[in-house]
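The values are calculated or read from the model by the stated rules, or taken from the named source; none is laboratory data. In this text the structure is predicted, and so the values were computed from the model without any measurement. In this analysis, Cβ positions are derived from the backbone assuming ideal geometry, glycine residues included, and neighbour counts consider all displayed protein chains. What goes into the accessible areas is simple: the full protein's heavy atoms, side chains included, and nothing from ligands, DNA or RNA. Shrake-Rupley method; radii C 1.70, N 1.55, O 1.52, S 1.80 Å.
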Amino acid sequence: MRAAMRFTIVGAGAIGGITGGHLVRAGHEVTFVETADEHLAAIRERGLTLQGLSDFTVRPAAAVRPAELRPPLGTVLCAVKTLHTTAALAPVAPLVGRDEFIVSMQNGLAYRDVVDAVGAERTLVACFNFGGHYDSPGRVIHGTRGGFHVGEIGGGMTSRVRTLADALSAVQECEASDDVLGCLWSKIAMASVFFATALVDADVSEILARDRYHTLMADLVAETAAAADAMGVRLIELHGFDPESLRPERRTTAGVRRALDSIAGSFNPLQQRTGIWIDLAVRKRKTEAEPQLGRLVSEAERHGVAMPLNRAVFQFITEMEQGRRSFGWENLDQVERRGRELSEARG
């Protein structure tokens, strides 16, 4: 039996809720830090309920507002949207003990914001493909399963990574990785496809089944692979998704189909569309496009790598957030054209 650990989970939404719920169920001491009043009140009164791939209710050790948090924190899992990382950690970081650390359970380059808050030596990174969505106060839908890895930013293997991976295996099998940034950047490459599918009012599997858009999706990934090269990151295969197979010089029809099928296969009847699409169509709120895709494009350009297709996707999602663009297949056609125009303008 695993020894019980203390966890502080910042954000009790989809990822924080799924992770924390399973940790509580496994006997760990979990404190949720949450700012949404109704969600916080429901967890305090009735506990946290997971439905979908999971079906149970747990009562955490505590559910508090940021101002109510007190040390020791144990292992901190930062599971807020990338939009909110800096603000969410501002009241938490000063409470992190000398031997404690924060795990970024987020997408994109958000781990760098965690480093800014507590330093690289107290930052670990998680890379995962499981997911879900917030349903209602006190209720989270566990929608998808996938890979789960944790590791040190600088690579290598440490005892704290092994211990953490063992504890997080309560959620699903979790691998202690000696190259978690390679894993994370492969997921960033995958996210280039996710953002593009959010431009259309259709399921991810339907979009990726259309051969017409296979070249576009592969080119989006190839741009991200070039950015990873410029930043000295080696991409790795991520549970069937091999971003290296989508580089122009290595690309085959079968390889593209295999990579895109692996993405489509991560969705199921419980969740057939991305959280990006849900934010746009259902929540009617700002997506994570700016802190993820926008940040990626800007960072790549600082390293001399142009990403015209990803930039076009980012621009179109921004227009959708502002109510100036609607869902439609023609958006993907326009991304292709806009990408060509930007490439030509750059010479």
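In table form, for the structure just shown:
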quantity	calculated
By accessible area with a 1.4 Å probe, ligands and nucleic acids excluded, highest first: order of 185, 277, 329	329, 277, 185
Rounded to 5, percent antiparallel among DSSP beta bridges of the range 1-107	15 percent
Stretchable slack from residue 283 to residue 98, in nm (0.36 nm times residue separation minus alpha-carbon distance)	62.7 nm
Solvent-accessible heavy-atom area per residue, rounded to whole Å², over the range 1-98 at 1.4 Å	44 Å²
For the range 1-117: relative contact order, % (alpha-carbon pairs under 8 angstrom, 6 or more apart)	27 percent
Electrostatic dipole magnitude of the range 154-203 [Cβ: Lys, Arg +1; Asp, Glu -1; Cα centre; debye, to 20]	220 debye
Whole-Å semi-axes of the chain's equivalent ellipsoid (Cα gyration tensor)	33, 22, 19
Computed over the range 181-264, Kirkwood Rh from alpha-carbon pairs, angstrom	12.6 Å
Taking the range 88-174 and dividing mean pair separation by its residue count, relative contact order in percent (alpha carbons under 8 Å, at least six apart)	21 percent
Over the chain, relative contact order from alpha-carbon pairs under 8 Å, at least 6 apart, %	14 percent
Where no second cysteine Cβ lies under 4.7 Å, the cysteines concerned in the chain	78, 174
Residue-averaged 222 nm ellipticity for the chain, from DSSP H runs of 4+ at -39500 (n - 2.57), nearest 500	-12000 deg cm²/dmol
Base-10 log of normalised Debye intensity for the range 274-347 (one unit scatterer per alpha-carbon) at q = 0.14, 0.18, 0.19, 0.24 Å⁻¹	-0.46, -0.74, -0.81, -1.13
Cα extents of the range 112-219 along the three principal axes, largest first (Å)	47, 37, 27
Distant-in-sequence amide H partners of residue 135 (H built 1.01 Å from N, under 5 Å)	140, 141
Neighbourhood net charge (14 Å Cβ-Cβ; Lys/Arg +1, Asp/Glu -1) for residue 316	-3
DSSP-defined antiparallel bridges as percent of all bridges, the chain, nearest 5	35 percent
Cα-Cα separations in the range 203-310 greater than 18 Å, expressed as whole percent	57 percent
Beta bridges per DSSP with both ends in the range 74-208, % antiparallel, nearest 5	50 percent
Derived scalar couplings ³J(HN,Hα) [the range 137-143; Karplus, 6.51 cos²θ - 1.76 cosθ + 1.60; whole Hz; x for Gly, Pro]	x, x, 9, 10, 8, 8, x
Cα-centre dipole for the chain with unit charges at Cβ (Lys and Arg positive, Asp and Glu negative), debye to 20	400 debye
